[in-house]
C-alpha cells in the first residue's frame, strides 16, 4: 500500500529535494556537508536504511592509517610507483581532512603510532619489507613530509608483552579514533547546515525520469534532482554492474585488562588482522582471509572459524597467558574490488556513486564524499 503523507510531512520532510544522498556513513555525510558548504541553499536529504549508519562507518576498528610497509610493498608488486604514491597521498590527505572537518577532540584522535607485526613464520616477508624500508621512506616523504615514516621496533615486542612475534615495524604518523564519536560529530555538522537525515528508510529502486529521479523506498516514493549513492558494500544491490563486493569484518572487544601494555594501532598477516587499545581494553578484528567466500556477504554476523582464530591469537599472541575475556562481538560490512581505487562517477543520468573504499573508509571517506559532491554541483 502506498504511503500517504500529510501536508505537513510533505512540505517539511518529503517534498522535492535538490540532492538525495543514500547512506549516512562517513562518505554520505561528508558529501552532504560539502554540498551545503559549497551551495548553502541546496535542499539536501540523506536516507539511511538502519537505525544507525549501516555497513562499516560505526562498526570499524577506528584506525587512522595509510598503510603498513608490507601493504605498500604488495601494492608496488601489482601497480606502479606513481600509483602507490598517489594512494598514500589520497589516504593521508583524507585523514587530515577528517581531522580538520571535525576536530581531534570530537573524534578522540590519538596518535600513538602504527605497528606492523611479523610472526615467527614470516621471516622472509619481514626481511623483504626491511630491504625496502629506506626506499619507501624516501618515496612517501614526498606526501607525508617526513623521512622517518617506517622504523624497526623489535625492542618494543617485549615491552608490549607480545608472543610469537619475529619482528615489528613502527610508523609514528598513524593514529586511532573513536568512530562512534566521529559519526556523531559528522551528524552534528550536517544538522547544523540544515541537512535532513531520515533513518529506517530502505531504498528499493532508483529510477531516472525526465527532469528528475524517482526513489522508491520502504516508506514511499521520493523525488529529487540528483542522487548520490554512498552505500559502499551494498551498492551492487541497486546497481549490480558496479565492481563492489562485500567483505565482512568480525570484531571483538575484551573486558578491561589490568595494566594493559598495548598502545597503538597494530596489523599483522598482510593487514587481515588488526588490534588496538581502547579504554583499557583490546579491540581485535579481522580473519576474513580464513574463508573469503563465506565472508563475501551482506549479512552481519559471525562464524565459529573466525571467532576461534581471533580468540586464539588474542590469548596466544596479543595477551599471552592472561585468559582475556571477551565483552563485545560485532561485525561490519566493507566494500572491496579488484581495483584498489574508490569508484566516484555518474552511473546513470543524475545518479552518482561514491563507493568501494577497500577497507580504508576512515582514511578515504572524507575526500571520496567531497569528490562526488563536486561532480554533482559542477
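Of the numbered conditions (1) assigned by TED's automatic domain parsing to the domain that holds residue 281; (2) without any contact (Cβ under 8 Å) to a residue 60 or more places away in the chain, residue 316 satisfies every one except a single condition; which is it?
(2)
Please verify whether the range 345-357 includes one or more residues that are crowded, with 20+ Cβ neighbours inside 10 Å, assigned by TED's automatic domain parsing to the domain that holds residue 230, in a loop (DSSP other than H, G, I, E, B) and in contact (Cβ under 8 Å) with a residue 60 or more places away in the chain.
Scanning the range 345-357, I find at least one residue that is crowded, with 20+ Cβ neighbours inside 10 Å, assigned by TED's automatic domain parsing to the domain that holds residue 230, in a loop (DSSP other than H, G, I, E, B) and in contact (Cβ under 8 Å) with a residue 60 or more places away in the chain, so the answer is yes.
Starting from the range 13-30, take each residue that is assigned by TED's automatic domain parsing to the domain that holds residue 332 and buried (at least 24 other Cβ atoms within 10 Å of the Cβ) and list its partners that are assigned to a helix (DSSP H, G or I) and modelled with pLDDT of 95 or more, counting only C-beta distances under 8 angstrom and pairs at least six apart or across chains.
none
Is at least one residue of the range 316-328 assigned to a helix (DSSP H, G or I) and either under 23 Å from the mean Cα position of the chain (by Cα) or exposed (fewer than 15 other Cβ atoms within 10 Å of the Cβ) (or both)?
Checking the range 316-328: at least one residue is assigned to a helix (DSSP H, G or I) and either under 23 Å from the mean Cα position of the chain (by Cα) or exposed (fewer than 15 other Cβ atoms within 10 Å of the Cβ) (or both).
Collect the residues in the range 31-44 that are surrounded by 16 or more Cβ atoms within 10 Å (Cβ to Cβ) and in contact with a helix residue (DSSP H, G or I) (Cβ under 8 Å, 6 or more places away or on another chain), keeping them in residue-number order. Spell out how you get there, then give the answer.
Our first condition is that a residue be surrounded by 16 or more Cβ atoms within 10 Å (Cβ to Cβ); within the range 31-44, this holds for 31-36, 42-44.
Within the range 31-44, 31, 32, 33, 34, 35, 36, 42, 44 qualify.
Among 167, 94, 175, which is the only one that is within 30 Å of residue 46 (Cβ to Cβ), buried (at least 19 other Cβ atoms within 10 Å of the Cβ), touching a residue at least 24 places away in the same chain (Cβ under 8 Å) and touching a helix residue (DSSP H, G or I) at 6+ places or on another chain (Cβ under 6 Å)?
Answer to the check: 94.
Kindly provide the set of residues from the range 235-259 that are more than 21 Å from residue 27 (Cα to Cα) and not in a strand (DSSP E or B), ordered by number.
255, 256, 257, 258, 259
Going by the structure shown, is residue 42 part of a helix (DSSP H, G or I) and touching a residue at least 12 places away in the same chain (Cβ under 8 Å)?
For residue 42, the condition - part of a helix (DSSP H, G or I) and touching a residue at least 12 places away in the same chain (Cβ under 8 Å) - is not met.
What residue, of 307, 293, is assigned to a helix (DSSP H, G or I), modelled with pLDDT under 95 and in the same structural domain as residue 260 (by TED's automatic domain parsing)?
Matching residue, one of 307, 293: 293.
Return the total of residues in the range 104-115 being farther than 22 Å from residue 74 by Cβ and not in a loop (DSSP other than H, G, I, E, B).
Adding up the residues that qualify gives 5.
Take residue 190 and decide whether it is over 25 Å from the mean Cα position of the chain (by Cα) and either at pLDDT 95 or above or buried (at least 20 other Cβ atoms within 10 Å of the Cβ) (or both).
No.
Of the numbered conditions (1) crowded, with 16+ Cβ neighbours inside 10 Å; (2) at pLDDT below 95; (3) touching a strand residue (DSSP E or B) at 6+ places or on another chain (Cβ under 7 Å), residue 197 fails exactly one; give the number of that condition.
Failing condition for residue 197: (2).
Is it the case that the range 209-226 has a residue that's surrounded by 21 or more Cβ atoms within 10 Å (Cβ to Cβ) and within 24 Å of the chain's Cα centre (by Cα)?
The answer is no, given that none of the residues of the range 209-226 is surrounded by 21 or more Cβ atoms within 10 Å (Cβ to Cβ) and within 24 Å of the chain's Cα centre (by Cα).
The values are calculated or read from the model by the stated rules, or taken from the named source; none is laboratory data. The model shown is predicted, which means the values in this text are computed figures rather than measured ones. In this analysis, Cβ positions are derived from the backbone assuming ideal geometry, glycine residues included, and neighbour counts consider all displayed protein chains.
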